[in-house]
Each structure stands twice: as C-alpha cells, then as structure tokens.
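Here the structure comes first, spelled out in structure tokens, and everything after it is commentary.
The values are calculated or read from the model by the stated rules, or taken from the named source; none is laboratory data. Keep in mind the model is a prediction, meaning the values are calculated, not measured. For neighbour counting, all protein chains shown are included, and Cβ atoms are generated from backbone atoms with ideal geometry for every residue, glycine included.
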Amino acid sequence: MNIAEAERKIGYTFEDKALLERALTHSSYANEVLGDPLRSNERLEFLGDAILGAVVGDALFREFRNKAEGDLTRLRAAVVCEKSLGKIAFDTGLNEELRLGRGEELAGGKNKISMAADAVESVIAAVYLDGGIMAAHSLIMRLLSDAIESAAAGNINSADSKTELQEIMHAKGVTDIAYEIVSESGPDHAKQFDAVVKVNGEALGRGSGTSKKRAEAEAAQDALLKIKASGQQR
C-alpha cells in the first residue's frame with residue numbers, strides 16, 4: 001500500500017493516515033498479518049454505506065422533485081450499487097492499494113468487484129472521520145458524479161456494460177481498456193457519436209449514440225456480445 005498514491009487517487013489528503021490505512025485493509029490481511037479482525041475495513045464499510053446512502057439520497061431528492069419515494073429508492077440503489085462503486089475503484093486504481101492476505105492476493109482479490117466496492121465505502125467513512133461530513137460529501141459527489149448524471153438523464157444503466165466489460169477483463173488480468181470517439185456527425189443539437197473500445201490496443205467493440213457516454217456504452221455492449229458469443233467471458 002502506498003498512502004500518498006492512494007490519497008492522490010481519491011483526491012483527498014488525510015490528517016490521520018491510519019484511517020486510510022485501515023480503510024484499505026481487507027479482513028484477510030487483518031486476520032493473517034495483523035492478528036486482529038477488528039483492524040480490517042469492515043467497520044468503516046458499515047459506516048461508509050450509511051453516509052453514501054444519505055448523501056446520494058439527498059442529491060436525488062433535490063434533483064428529482066416530482067418523483068415518488070419508490071422511484072427515488074430505485075435510483076439510489078442503482079447509483080450506489082456494487083458495480084457502480086467497483087467501477088470507481090477500478091477507474092481510480094484504488095483497488096490496487098488494498099492490503100490482502102496471501103490467499104486473497106493469489107486469488108486476484110484486487111480485481112474482485114465486491115472487494116473494490118467495499119473499499120470505496122470504507123474510504124468514504126475514513127474521509128468522514130478525518131475531515132467531517134462536508135469532506136465526505138465532496139468526495140462522494142466527485143466520485144459518483146457520472147452515475148448521478150446518468151440518473152438525471154434517465155440513463156441509469158448506461159454504464160453497466162462498461163463496468164461488466166471492465167470486470168471481465170480485470171478477472172483475466174487485463175487492465176488496458178480504452179475508449180475512443182472515432183467520429184461525430186450532425187448539427188450541434190443532434191450530434192451522433194461513434195466510439196470504439198480497445199483492449200490491449202486492439203478494437204474489440206464499436207457503438208454509436210447521441211452522447212459520448214452512450215456511444216461508449218454501446219461499444220462496450222458490442223464487445224460483451226462478442227466475448228460471450230465466443231464463450232470466453234471468464
């Protein structure tokens with residue numbers, strides 16, 4: 001674990017570095033190396049989940065003034081789901097800073113979306129304890145801005161294909177995944193974008209859409225269909 005690098009990845013500098021260290025300590029490491037399960041990030045994960053839900057709930061409550069409670073609940077669940085949080089960890093590289101026991105390390109634990117998502121919740125709690133609710137609020141809104149934007153646009157599931165592709169590739173040990181907008185056409189009020197997703201520098205999927213995010217999501221979906229058709233998703 002590199003504390004300075006972890007701070008850079010989340011864009012927050014801790015007064016109490018031990019909080020970040022604990023937030024990135026999986027139970028396997030706490031048990032095997034530290035000999036104390038309470039020194040893992042599980043308690044922080046519990047707190048982070050509550051803070052995350054409150055902050056995102058507040059943001060959605062203010063954004064969607066005409067939506068009923070049930071709709072808001074579904075939106076919040078989608079924004080803070082495991083895939084959404086795991087994507088944040090993979091995109092920032094925070095998962096690489098996790099401290100794992102030997103068994104989990106050998107099993108590729110740093111690429112498991114569940115562990116990555118738990119780490120994000122733990123880090124949110126650590127920031128809250130270190131800098132207060134405003135610091136945690138700022139971090140959450142920055143990390144989840146894309147997911148909340150998608151909810152505001154009615155495209156809450158638009159990032160799912162990108163997250164799924166990333167999870168499959170990470171499980172294979174592949175981290176070189178890049179999206180490129182290869183062309184755009186149409187007037188400013190009705191743009192059409194064409195995107196390609198490259199894995200290890202080779203084009204794997206193509207897509208198009210009325211926004212760059214939608215085009216990238218379609219490219220990821222195209223790549224997923226090809227992977228699944230070949231039977232190589234795992």
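Determine whether M134 is part of a helix (DSSP H, G or I) and either touching a Pro at 6+ places or on another chain (Cβ under 7 Å) or over 16 Å from F46 (Cα atoms) (or both).
On the way: part of a helix (DSSP H, G or I): yes; either touching a Pro at 6+ places or on another chain (Cβ under 7 Å) or over 16 Å from F46 (Cα atoms) (or both): yes.
It is true that M134 is part of a helix (DSSP H, G or I) and either touching a Pro at 6+ places or on another chain (Cβ under 7 Å) or over 16 Å from F46 (Cα atoms) (or both).
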Conditions (1) in contact with a Gly (Cβ under 7 Å, 6 or more places away or on another chain); (2) without any contact (Cβ under 8 Å) to a residue 12 or more places away in the chain: number failed by D36: (1)
Looking at region 52-93, which of its residues are under 23 Å from V174 (Cβ atoms) and of a type in the set (D, E, K, R)? E82, K83, K87, D91
Hey, G53 hits all of (1) surrounded by fewer than 20 Cβ atoms within 10 Å (Cβ to Cβ); (2) over 29 Å from E149 (Cα atoms) but one; which does it fall short on? (2)
Selection count where residues are in contact with a Lys or Arg (Cβ under 9 Å, 6 or more places away or on another chain) and assigned to a loop (DSSP other than H, G, I, E, B), scope region 22-65: 4
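Hey, among the residues in region 66-95 that are over 19 Å from L20 (Cα atoms), in contact (Cβ under 8 Å) with a residue 60 or more places away in the chain and outside any loop (DSSP other than H, G, I, E, B), which one's nearest to the chain's Cα centre (by Cα)?
K87
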For T13: the one exception among (1) over 30 Å from L165 (Cα atoms); (2) hydroxyl-bearing (S, T, Y); (3) touching a Gly at 6+ places or on another chain (Cβ under 7 Å): (3)
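Assess whether S40 counts as being polar (S, T, N, Q) and touching a His at 6+ places or on another chain (Cβ under 9 Å). Outline the logic, then answer.
Values: polar (S, T, N, Q): yes; touching a His at 6+ places or on another chain (Cβ under 9 Å): yes.
Considered against the rule, which asks whether it is polar (S, T, N, Q) and touching a His at 6+ places or on another chain (Cβ under 9 Å), S40 comes out as yes.
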Identify, by number, the condition in (1) farther than 19 Å from D146 by Cβ; (2) out of contact with any Asp or Glu (no Cβ under 7 Å at 6 or more places or on another chain) that R214 doesn't meet. (1)
How many residues does region 121-137 contain that are within 16 Å of the chain's Cα centre (by Cα) and without any contact (Cβ under 8 Å) to a residue 12 or more places away in the chain? 0
Hey, can you tell me all the residues within region 59-92 that are of a type outside the set (A, V, I, L, M, F, W, C), more than 23 Å from E7 (Cα to Cα) and surrounded by fewer than 19 Cβ atoms within 10 Å (Cβ to Cβ)? R62, E63, R65, N66, K67, E69, G70, D71, T73, R74
Name every residue in region 96-110 that is buried (at least 23 other Cβ atoms within 10 Å of the Cβ) and in a helix (DSSP H, G or I), in order of residue number. E97
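Which residues, counting only those in region 120-134, are closer than 12 Å to G48 by Cα and of a type outside the set (F, W, Y)?
Narrowing region 120-134 to residues closer than 12 Å to G48 by Cα: 120-129, 133.
Answer for region 120-134, where residues must be closer than 12 Å to G48 by Cα and of a type outside the set (F, W, Y): V120, E121, S122, V123, I124, A125, A126, V127, L129, I133.
Just wondering, is there one or more residues in region 178-191 that are over 22 Å from K87 (Cβ atoms), outside the structural domain of L106 (by TED's automatic domain parsing), small (G, A, S) and not in a strand (DSSP E or B)? Show your work before the answer.
Here is the first cut: in region 178-191, the ones over 22 Å from K87 (Cβ atoms) are 182-191.
Then drop every residue that is not outside the structural domain of L106 (by TED's automatic domain parsing), which leaves 182-191.
This time we only want the ones that are small (G, A, S), so: 183, 185-186, 190.
With the extra rule that they be not in a strand (DSSP E or B), the set shrinks to 186, 190.
The answer is yes, given that some residue of region 178-191 is over 22 Å from K87 (Cβ atoms), outside the structural domain of L106 (by TED's automatic domain parsing), small (G, A, S) and not in a strand (DSSP E or B).
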